[in-house]
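Notes follow the structure.
The values are calculated or read from the model by the stated rules, or taken from the named source; none is laboratory data. Quick caveat, the model's predicted, so the values are computed rather than measured. Using ideal geometry, Cβ is built from the backbone for each residue, glycine included, and neighbour counts are taken over all protein chains shown.
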Amino acid sequence: MTVNERTRSPIPDSLVPTSGEFVFATAQYESGDWDSAPLVPANLIDSVAKYTSLPVAPTGAIVALASDDLFRFPLVFLTGHLPVRFTDAEGANVRRFADRGGMLFVDDHNHDIDGAFHKTAVEELTRAVGPLSQLPNTHPIYSTFFKFSDGPPNTSHELNGWGDNLVHSHLLAAMRGNRIAVLYSNKDYSSEWGYHPDNKRFLAIDNTKFGVNVIVYALTR
Amino acid sequence: MRPLERVMRTRRALAATIATRAVLGAVATVLLTAAFLTTTLRAFGVATSSVWLVADVAGAVALAILARPWARLTVPRVALWIEERVPALQYALVTAVDPVGTASAAFLEREIDQVSWDREAARAMMRGLRWPALAAVGGLGALLLSVRVRTGSAAEHDRAIPSVIATPARDVSAPFARLAATVRSPAYAGGQVVRVESPASIGALVGSTVILEAPGSGEGVTVDAEDQPIPVQRAGAAWRTAVTVGARPTVIRLRQGSVERLVALEPRPDSVPIVRLLFPTRDTVVRAARGVLRLSAEAHDDIGLATAAFEYIVSSGEGESFKFKSGTLGARRIDAGRDATIGASLGLDQLALKPGDIVHLRAVARDGNNVSGPGAGASETRVLRVARAGEYDSIAVEAAPPSEGDKSAISQRMLIMLTEALEKRRPTLARETLLSESRQIARDETRLRKRVGDIIFQRLGNNPTGEEGRNPDDAPASDSTVPASDSARAALLRAASAATGNRDEILDFEGDETPVVAINRPLLEAYNAMWEAGRELEQGETGRALPPMRRALAAIQRARQAERIYLRGKPPAVVVDLARVRLTGKDHGAANTRLPRRPMDPAAARRAERLAAAIELASRNPAAAIDSIVLLRVESLDAAPQLGAALSDALAAMRSGRDATASLARARRIADGGVRDVGGVGAWSGVW
Amino acid sequence: MAAIATLLWRAIRPPVAAGVDVVHGDLPRALVQWTVSPVAEMRVVLDATPDPATRDWLRALGRAGGSVRWSSSRPLGAAAVVAEPVPEPNGVTRVRFASVGGEAVSVADDAGAIDSLPRGGARALELGAVAGAVRASGTTFTATSEVRDSVVLRPVLVLGAAGWESKFTIAALEERGWRVASRVRVAPNVDVTQGPLGSIDTARYAAVIVLDSTAAPSSNEIARYARAGGGVILAGSTARSGAFAALAPGRVGARVAGVAGAVSSADPRTGLGGFPVSSPAANAVVLEARDGVAMIAARRLDAGRVMQLGYDETWRWRMGGGDESAAAHRAWWSRLVAAVAYAPLVPRGSGLTSVDEAPLASLVDAIGPSTPMEGRTSPPRDITRLDWMLFILIAASLLTEWTSRRLRGAR
């Protein structure tokens, strides 16, 4: 086990990746059900390996938003159903994370703009990082690997009327210069991608390709 | 004690008095000289760095003069001094201490012993110290007064009151020599008014109004801020112009002919309130949501609070289905006070909480900023959770993944999307193309139908092979006729038909429907509908295929809801077999280009150059250098606040005539990004 | 009494031999006199290094047929200063100055003081902006330098696989003001590219940064580029492969881990892992080492320069180092590139400058080294500072004595 020389606390092996590997990290926060999409990491890791030659760790990592370990993972995924209320430490960390070059990908697992997750997450993210505004559907993130000419791909939950019964045509983003620092989705990709990667073979169209775009964007922009 | 000894004692006291008097006199001289010179030199704008040197020299001279009597303190002189104040001695003392006259010494001693001169001597010594002491105190007061004298500045007492730094009138060119500023803070901050002559820099809340006025007709006077003109109005015997302090620092330029005057406007932002939730102090899990929860919080604002309240959100549900309700309590209006405490009680019974429900609580306060706000501050959130019944015999309960039926739902939705898209393109497609694409969707529908069939078969008879192992890519049957053999599949189809009401046949187990069949009824409906849809798609009838596809989807949805079972236990950790998966995707990405990031602070180098040029200019034209630094400072307040603060110190020194070398050097180091010490000369040079 | 005796001795010192002129004080007047009425031998006693004009005049007098010799009344400081542009965006200037013999030296430009060395020595500084000339002054010298050239900066080319290191390296350079071209591999035949991509040569790129082995197919082209004058940085274990191994300043050692948690310390790079530079070449210069192990080394290769950078995850410093770490990471990467970049100099303007970068060395070059004077020197024609001090001392003593007598008499 690796030990943090400064604090003398043990560092779990899962948080000490091999040099150069991309590790998919899921954010753990105090106020809600941060672990509501446990299969998303494996599914996206599978897709990254399937389509790219990027070195990637075979399992994801879980990292607390209030922890210094957050800065080991420049791309972090955050989802949930319940209200999001950052503690002071979480809010400060998220701000520093964004300022230093990190990217937070947030998805509303409720798919409900009237729901508590959306309202509270937008409030907390605005306070921590800055206002969220609509990302144009011509943004480079829609062509960093696969091409999505119409912007963010729709999800099944949107199409069958879950949540707010809307199909959201845009994602939201908070920027740092011309770089996305927070990418926010109302489209419930957590449900869309929340299945075992082996089941991908049953799908006519791989619905995780946009996830590959998000990861490639984070690694190259 | 003998007379000589008594005289010696008095002599020592006199020596101490002379020394004290000399010191007090010297101190008074130093202080008075310093006060006089400080006031005089400032009035003429001359540097005051040598004031103390001159004052010390004057004090030394005074000390030397006042200490002169020390040398004259001989015994006979002291005796004479005593005789002058005590006539009763009748010169006996002078005679007694005279070394020559010793014959009548004993007689004189007896006479002298009867007379005491201590009181008179002490009184005389105190009188001698009176004026020097008063002069020293007076000098100290004069010096303190001279240090506090400023020309027309307003001290900053709190954030709501504007602060103004002024320029001495002699430094200002004639048209604007009597410029005055009236600054009024916004109404919500109290509307305080500050008026000052000859303003150079004004710091005020965003939304404050600034009126600049000067005597004269205003003819030929132009005023602009960031190249935007501001109207100038005539007001009696004066002219005036009004500006509102915006969110960004700006410089107001006043011009008349070739004469220019700059006034910097520095906005002071109104901070949001700081709120602290005092009670509850931590998150809680309760078995039963009964009783009353006490809430308490405190809030503080730099200007004034307007409202404060507690907010709560109740989340009910689990898995994928949640409901939320929210509300406020304990709301209170605060009449512009800077600090407030709020309290409330949350009746848990009224919230009707059920096991598994979660209550998020926080306190929120808003200030009275009606210009750029109101600013809202919130406390940390506390969570109160009602435990589920099943939690008590387990430390951790984690949801298992959703059931297998979900895969079908996802795929059926995708097929509907594809079919709808094809239906939309139908008028523009050739028949062959339409048929080809429609049949592709039909094949996918068949594959999916077989999956649903497999699930049903497994549940009905634990037969994992489903429809006799048919390859999903094989062409399906050309029509919907059921297989002749009375296979499990046939039974399945009959059950499916019966479930959807399409046939009149009686199910084998109708009337005695098992729970398994009841649960699988939606899937049976879906199976049948998918069969219908596949048939239409084979014929290219996309429009007619959509209704049964949607029925199938609805049925699958119902099946999901009916069967949602979450088992206890951790979901299996999924480790992706990278070697197996690597680059097996059928689709390929496309090369693309990246846009460059912008430099962090492209203006930094230019700021450093401008500052260096301004410093060089200061030795030739101090007024122009001050103007340059004012402009640079205003631009730096947002982009480089540390530099802005350093330039502020430098400007204060330059305007008051003090030596600004140290503060300018510090500003320069900040503008340069610090001087990087590379260390020694080094063995490697990157310069060509 | 001692002061009076000293003054008398100075007054009655015998002169030197005829035909020899010795100057202690007013050198400009003496130069005029020697030019108008030449003498065979001119001796100068200096108490400070003369300015360039005076020095050139002495040289001219020497070459006109007379003999010019000099000595000094006190040791003259040997010092030098040079101001040169650093090949970085934002116009960074490097000032290097040195003083031998323990004499204090202070450095300033037209805008004020910059730095000082109280006991001499050598130092190099990098500043964002320099106003006018840079002067290094001591008690006996003033050396002056100016930035006379500008650098021509071309884009930097970054090659590597998509990942955090390539992302943050490119970001750091761009945020620092560099123009960056890049080719980053995402999948076979799928690259994310940026900027002018063409053949790798010095007309196109100031430096090439190779982050991993994905650039191996271009290794020969990069090697040619380096030999032709380009700057190359080989990061991580890149120097193991192919043609890169022949360029690198050393071999690639076994990877070492960083000290956990140290990226937020005062020495953040101790928290980074990497591949040490082992067995450095004879002409390699170790630029950074830790625990005795070289992590960065560089060497000249024909006309170019190659740096081997052992760190392969510098992005962890930027992300995990603290609030100033992003700026420090940017500055560090910019300096690394500046240390190898091909950046030809272009002279600024054609006006005469008052540069005098090594006054004592220039003096020796002009009229030879210092030589002790033989024989006695003539009485000073001008009153020196020592004379004034002696006079003041005597006058103050007389005044004090008179005052004392007067005061005693008054009593």
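Some notes on this structure:
- Test: residue in region C:249-265 that is under 28 Å from the mean Cα position of the chain (by Cα) and either acidic (Asp, Glu) or under 24 Å from C:Ala162 (Cβ atoms) (or both): no
- If the condition is being polar (S, T, N, Q), farther than 22 Å from A:Lys50 by Cβ, out of contact with any Pro (no Cβ under 9 Å at 6 or more places or on another chain) and not in a strand (DSSP E or B), then region A:122-148 contributes A:Thr126, A:Thr138.
- Candidate set: region A:75-107, residues that are among the charged types (D, E, K, R) and within 11 Å of another protein chain (Cβ to nearest Cβ); chosen: the one farthest from B:Leu361 (Cα to Cα): A:Arg100
- Condition check for A:Ala57: farther than 16 Å from A:Tyr184 by Cβ and of a type in the set (A, V, I, L, M, F, W, C): yes
- Beta carbons closer than 6 Å, at least 6 apart along the sequence or on distinct chains, never pair a first residue in region C:272-290 that is more than 23 Å from C:Met319 (Cα to Cα) and not assigned by TED's automatic domain parsing to the domain that holds C:Thr314 with a second that is at pLDDT 95 or above and buried (at least 18 other Cβ atoms within 10 Å of the Cβ).
- Test: residue in region A:27-43 that is of a type in the set (D, E, K, R), modelled with pLDDT of 95 or more and buried (at least 19 other Cβ atoms within 10 Å of the Cβ): no
- Lone qualifier among C:Leu345, C:Leu309, C:Leu287, C:Leu301 - being within 21 Å of the chain's Cα centre (by Cα), more than 10 Å from chain A (Cβ to nearest Cβ) and modelled with pLDDT of 90 or more: C:Leu287
- All positions within region A:198-212 that are outside any loop (DSSP other than H, G, I, E, B) and surrounded by fewer than 22 Cβ atoms within 10 Å (Cβ to Cβ): A:Asp198, A:Asn199, A:Lys200, A:Arg201, A:Phe202, A:Lys209
- Boolean, C:Tyr225 is assigned to a loop (DSSP other than H, G, I, E, B) and away from every other protein chain (no Cβ under 14 Å): no
- Matching residues, region A:60-102, being out of contact with any Pro (no Cβ under 6 Å at 6 or more places or on another chain) and over 29 Å from B:Ile313 (Cα atoms): A:Ala61, A:Asp68, A:Asp69, A:Phe71, A:Arg72, A:Phe73, A:Pro74, A:Leu75, A:Asp99, A:Arg100, A:Gly101
- Residue check for B:Phe324: closer than 18 Å to B:Ile274 by Cβ and within 14 Å of chain A (Cβ to nearest Cβ): no
Yes/no matrix, rows are residues, columns are (1) among the polar types (S, T, N, Q); (2) crowded, with 21+ Cβ neighbours inside 10 Å:
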site	(1), (2)
C:Val107	no, yes
C:Ala113	no, no
C:Pro118	no, no
C:Phe141	no, yes
C:Gly163	no, yes
C:Ser166	yes, yes
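- Only one of B:Ala189, B:Ala180 that is farther than 23 Å from B:Ser271 by Cβ, modelled with pLDDT of 85 or more and in the same structural domain as B:Gly246 (by TED's automatic domain parsing): B:Ala180
- Residue in region C:161-177 that is among the polar types (S, T, N, Q), at pLDDT 90 or above and not assigned by TED's automatic domain parsing to the domain that holds C:Pro85 present: yes
- Unique match (being β-branched (Val, Ile, Thr) and in the same structural domain as C:Gly132 (by TED's automatic domain parsing)) among C:Val82, C:Val68: C:Val82
- Within region C:9-48, considering residues that are at pLDDT below 70 and part of a helix (DSSP H, G or I), the one nearest to the chain's Cα centre (by Cα): C:Arg10
- The listed residue being of a type in the set (Asp, Glu), at pLDDT 85 or above and surrounded by fewer than 22 Cβ atoms within 10 Å (Cβ to Cβ), out of C:Glu103, C:Glu88, C:Glu146: C:Glu146
- Positions within region B:245-265 being out of contact with any strand residue (DSSP E or B) (no Cβ under 6 Å at 6 or more places or on another chain) and among the hydroxyl-bearing types (Ser, Thr, Tyr), in sequence order: B:Ser258
- For first residues located in region C:257-271 and closer than 20 Å to C:Ala327 by Cβ, partners that are of a type in the set (S, T, N, Q) and crowded, with 18+ Cβ neighbours inside 10 Å and lie 6+ apart or on another chain with Cβ distances below 9 Å form the pairs C:Val263/C:Ser325; C:Ser264/C:Ser325; C:Pro268/C:Ser325; C:Arg269/C:Thr314.
- Single residue of region A:159-190 satisfying the filter (on the phi < 0 side of the Ramachandran plot, of a type in the set (D, E, K, R) and modelled with pLDDT of 80 or more) that is surrounded by the most Cβ atoms within 10 Å (Cβ to Cβ): A:Lys187
- Selection status of C:Ala79, crowded, with 20+ Cβ neighbours inside 10 Å and either within 16 Å of C:Arg348 (Cβ to Cβ) or within 7 Å of chain B (Cβ to nearest Cβ) (or both): no
- Residue selection: C:Val184 satisfies the criterion of being within 12 Å of chain B (Cβ to nearest Cβ) and either more than 30 Å from A:Phe146 (Cβ to Cβ) or touching a strand residue (DSSP E or B) at 6+ places or on another chain (Cβ under 6 Å) (or both).
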